[in-house]
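Enquirer: Quick one: the structure is below, questions incoming.
The values are calculated or read from the model by the stated rules, or taken from the named source; none is laboratory data. Just so it is clear, the structure is predicted and the values come from calculations on it, not from any experiment. A quick note on method: Cβ atoms are made from the backbone with ideal geometry, for glycine too, and the neighbour counts reach across all protein chains shown. These accessible areas exclude ligands, DNA and RNA; they are computed on the full protein's heavy atoms, side chains included. Shrake-Rupley method; radii C 1.70, N 1.55, O 1.52, S 1.80 Å.
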Amino acid sequence: MPTDTKNSSQPAGRPSSELNVDLIKADFPILEEKVNGHRLVYLDSAASSQKPQEVVHALSQYYRHMHSNIHRGLHTLAERATVAYEKSRQHVADFIGGVEPEEVIFNSGTTEAINLVARTWGEANINEGDEIVVTEMEHHANFVPWFMLAQRKKAVIRKLPITVCGHLDLSEIDSIIGPRTKLVAITHMSNVLGTINPIQEIAALAKKHGALVLGDGAQAAPHLPINVRDLGVDFYAFSAHKMMGPTGLGLLYGRRELLEAMPPYKFGGEMISKVSFDEVTFAELPHKFEAGTPNIADVVTFDAALTYLERVGMNNARQHEIDLTGYTIEKLNSLNGLEIQGPQEVEQRGGAISFTDPTIHPHDISTFLDSRGIAIRAGHHCAQPLMRAMGKVATARASLYIYNDRSDVDALVEALVEMRKYFGL
Amino acid sequence: MSSSLDDMYREIIMDHYRSPRGRAPLPNADVSSDGMNPSCGDEINVAFSMDKDILTDVHVNCKGCAISVASGSMLAETVKGKSFEDVRKISEIVKKMLKGEEVEIPDDPDFEDLSALKGVRQFPVRIKCALLAWVTLVEGMEKYRAGGADSAKAATTEEDQ
């Protein structure tokens, strides 16, 4: 089991990380898999993280001991499931900096969380001529919903561009965020470049102009200590499956007064207060936004994922990522001609590391690495505007998490060397 | 250990990838057809000159992965000097072969290299890479038949784009 306890017996010259990655690796049964005859080297956590045994166990325990529908049941199992479901909500609220549980909405993923805001707050508040600011590095999930909303409302999408180094270019920000701005939608950490954006600064500027800020935390929440109040965001969306939790569960934080004023997203059971043929009134937060039977099992299981992350310690996780990202960048830079996209400074980035080879296409890279048991991602990473800005059509992306160590990075680099020989280029 | 990898990246395929045929520009082409798979970023241009029913010269320029480049190179080599009807037959066989459908591969020199593409079948996500050149060519041929020389819309083998 990982602990926060400092390991002072580390030999000199070893990474300063306080994590015992060997122990952490042992918590993830899937890492024992053999892939194409090799040890699995999983470097695709930015797409989805693996799950520790206690999370896998929690899911089966839920079905084994407490499954029932929640909130309206009057029997013992219904009570158990309801308590566990709401306990998980409280846990999420604590995990993101101690917000109120009613400010946490469960849904299916970051994509749905952002769509919820666009469809409710956006429909009610964006009007013709209003401006929505998005960055050039957004995932399609934090771009397309705003693009479609702007089309419906004849609103204007403004772009915060990136620099050649993969940072946001803030030099013109005062002419981009202004009195017409209604919303700034910004990723906390880029899924392609790894860049950590200065959300706090941008939120302060947005606030000055009365604009709201939505943070896409899909990549940041698994890797950084998060405090949404400190960040100054009004909405923050993230996904359980990228942070040790089950698939199919998204989290939306919204400030209470905003959520209260927003119309419901979907209509049906669970989200109503009174229903007659003359009138329908809606339930209080957070149920107003959780129509129908929710994803109870995954919500309950996510509690275990958060417990795991807290036991590791998010500061420790971040420190480990800084160390290992630095090591990875150094190693990749040693390969002649290999080009890393995004910032090189480890303090300003996370462990999603995109790279291109001067001659070998990312899909060939990925196929070759897979034959050596190494899982990475290749393609446009659902960020075509960013790809265009970088002048790339696709990149290969290796992404790190707390169960990765230098041996994984070494395996990657060795395989890349072998790949170049294989392709004879 | 990596037999399926070697099945896909066969020596013939790597040879076509490293030195693709049909790259020479074709300034007086009768037809120019573009193809693109946005999610891979593979881009291809297939151009050809016609004399009656015969493709007298073919130009292929593909920017993409080893499979799409090699497939385009093989196409250039195979279809030059063939009639529309022959090209259509060949491309149907290639498509079926790639999709793993029952098909008899003719025992003629045209298929000596082409049959190396069979290994791609084991990598379902890469089939569309191998198909791109063929779909782009067929689209160009159809345009030509319909009386237009340039296809405005790029062909694609990505169904959900």
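Enquirer: When the accessible area of each residue in region A:347-363 is compared between its chain alone and the complete protein assembly (1.4 Å probe; ligands, DNA and RNA ignored), which residues differ by at least 20 Å², being lower in the assembly?
Expert: Listed in order, they are A:His361, A:His363.
Enquirer: Rg over Rh of chain B, using C-alpha atoms and the Kirkwood radius, what does it come to?
Expert: In chain B, Rg relative to Rh is 0.94.
Enquirer: Ignoring ligands, DNA and RNA and using a 1.4 Å probe, state the total buried accessible area between A and B in Å², rounded to the nearest 100.
Expert: 1500
Enquirer: Can you tell me the relative contact order of chain A? Whole percent, Cα pairs under 8 Å, sequence separation 6 or more.
Expert: It comes to 23 percent, rounded to a whole number.
Enquirer: Then there is this: Considering every Cα-Cα pair within chain A, what fraction, in whole percent, is farther apart than 41 Å?
Expert: Within chain A, distances greater than 41 Å cover 17 percent of Cα pairs.
Enquirer: With only Lys, Arg, Asp and Glu charged, each at its Cβ (+1 for the first two, -1 for the last two), find how big the charge dipole of region A:59-309 is about the Cα centre; round to the nearest 20 debye.
Expert: 280
Enquirer: Could you do me a favour and compute the accessible area per residue for region B:3-146, 1.4 Å probe, result in Å²?
Expert: I get 43 Å² per residue for this part.
Enquirer: Ok, one more. Listed highest first by mean packing, meaning other Cβ atoms within 10 Å per residue, what order do A:376-387, A:70-81, B:83-94, B:59-70 come in?
Expert: Top of the packing list down: B:59-70, A:376-387, B:83-94, A:70-81.
Enquirer: Additional query: May I ask which residue of A:Ala141, A:Gly97, A:Leu19 lies farthest towards the positive end of the charge dipole of chain A, with charges of +1 (Lys, Arg) and -1 (Asp, Glu) on Cβ and the Cα centre as origin?
Expert: A:Ala141
Enquirer: Separate question: Looking at the protein assembly as shown only, what percent of DSSP beta bridges run antiparallel? Nearest 5 please.
Expert: Taking every DSSP beta bridge with both residues in the protein assembly as shown, the antiparallel ones total about 65 percent.
Enquirer: At q = 0.11, 0.17, 0.25, 0.26 Å⁻¹, what is the base-10 log of I(q)/I(0) for region B:56-126 according to the Debye formula with one equal point scatterer per Cα and no solvent? Please give it to two decimals.
Expert: Listed by q, the Debye log ratios stand at -0.26, -0.64, -1.30, -1.37.
Enquirer: Now for a separate question. Cross-link candidates for B:Lys143: which aspartates and glutamates have Cα within less than 13 Å, leaving aside residues fewer than 8 places away along the same chain?
Expert: Partners within reach: B:Asp30, B:Asp34.
Enquirer: Can you tell me what percent of all Cα-Cα pairs in region A:175-219 are more than 12 Å apart?
Expert: 57
Enquirer: State to the nearest 20 debye the size of the charge dipole of region B:3-146 about its Cα centre, where the only charges are +1 on K and R beta carbons and -1 on D and E beta carbons.
Expert: 440
Enquirer: List the lysines whose alpha-carbon lies under 16 Å from that of B:Lys99, not counting same-chain residues fewer than 8 positions away?
Expert: Output for B:Lys99: B:Lys89, B:Lys118, B:Lys128.
Enquirer: Could you tell me what fraction of 2.2 N^0.38 Å the Cα radius of gyration of region A:362-420 comes to, as a two-decimal ratio?
Expert: 1.21
Enquirer: Suppose all protein chains stay in the model; what accessible area per residue would a 1.4 Å probe give for region A:130-176, in Å²?
Expert: 45
Enquirer: Which value, in debye to the nearest 20, gives the size of the charge dipole of the protein assembly as shown about its Cα centre, when Lys and Arg are +1 and Asp and Glu are -1 at the Cβ?
Expert: With only Lys, Arg, Asp and Glu charged at Cβ, the dipole is about 460 debye.
Enquirer: Tell me whether region A:59-309 comes out rounded, prolate or oblate; compute the Cα gyration tensor, take square roots of the eigenvalues as a ≥ b ≥ c, and use a/c under 1.5 as the rounded threshold.
Expert: Oblate, since a/c reaches 1.5 and b/c is not below a/b.
Enquirer: Percent relative contact order of region B:3-146, based on C-alpha pairs within less than 8 angstrom and at least six residues apart?
Expert: Computed value for region B:3-146: 29 percent relative contact order.
Enquirer: Reported to two decimal places, what Rg/Rh ratio describes region A:101-230 when computed on Cα atoms with Rh from the Kirkwood expression?
Expert: When Rh is taken as the Kirkwood radius, the ratio is 0.93.
Enquirer: Okay, next question. Out of the total accessible area of region A:59-309 (probe 1.4 Å, heavy atoms of protein only), what percent is carbon and sulfur?
Expert: 54
Enquirer: OK, next. Under a 10 Å cutoff between Cα atoms, tell me which one of B:Ala29, B:Ala130, B:Ala47 has the largest fluctuation in the Gaussian network model of chain B.
Expert: B:Ala29
Enquirer: How large is the Kirkwood hydrodynamic radius of region A:154-258, counting all unique pairs of alpha carbons, in Å?
Expert: About 14.5 Å for region A:154-258.
Enquirer: Going toward the positive end of the dipole of the protein assembly as shown, with +1 on Lys and Arg Cβ and -1 on Asp and Glu Cβ, which of B:Pro20, B:Asn61, A:Leu386 do you reach last?
Expert: A:Leu386
Enquirer: For region A:132-176 and region A:182-202, what is the separation of their C-alpha centers, rounded to whole Å?
Expert: Centre-to-centre distance over Cα atoms comes out at 10 Å.
Enquirer: Could you tell me which of B:Cys129, A:Ser366, A:His71 has its Cα farthest along the dipole of the protein assembly as shown towards the positive end, charges placed at Cβ (Lys, Arg +1; Asp, Glu -1), taken about the Cα centre?
Expert: Of the options given, the answer is A:His71.
Enquirer: Where the accessible area of region B:3-146 is counted over protein heavy atoms with a 1.4 Å probe, how much of it, in %, is carbon and sulfur?
Expert: It is 46 percent, rounded to a whole number.
Enquirer: Among the residues of region B:25-61, which ones have their accessible area go down by 20 Å² or more when all the protein chains sit together, as opposed to their chain alone (1.4 Å probe)?
Expert: B:Pro38, B:Ser39, B:Cys40, B:Gly41
Enquirer: Right, here's the next one. Excluding residues fewer than 8 places away in the same chain, name every one of the aspartates and glutamates whose C-alpha is closer than 20 Å to that of A:Lys154.
Expert: Correct list for A:Lys154: A:Glu123, A:Glu128, A:Asp130, A:Glu131.
Enquirer: Determine the alpha carbon to alpha carbon distance for each of A:Lys182/A:Lys208; A:Lys331/A:Lys421; A:Lys421/B:Lys95; A:Lys51/A:Lys242; B:Lys52/B:Lys82 and list only those over 20 Å.
Expert: Too far apart for the 20 Å limit: A:Lys421/B:Lys95.
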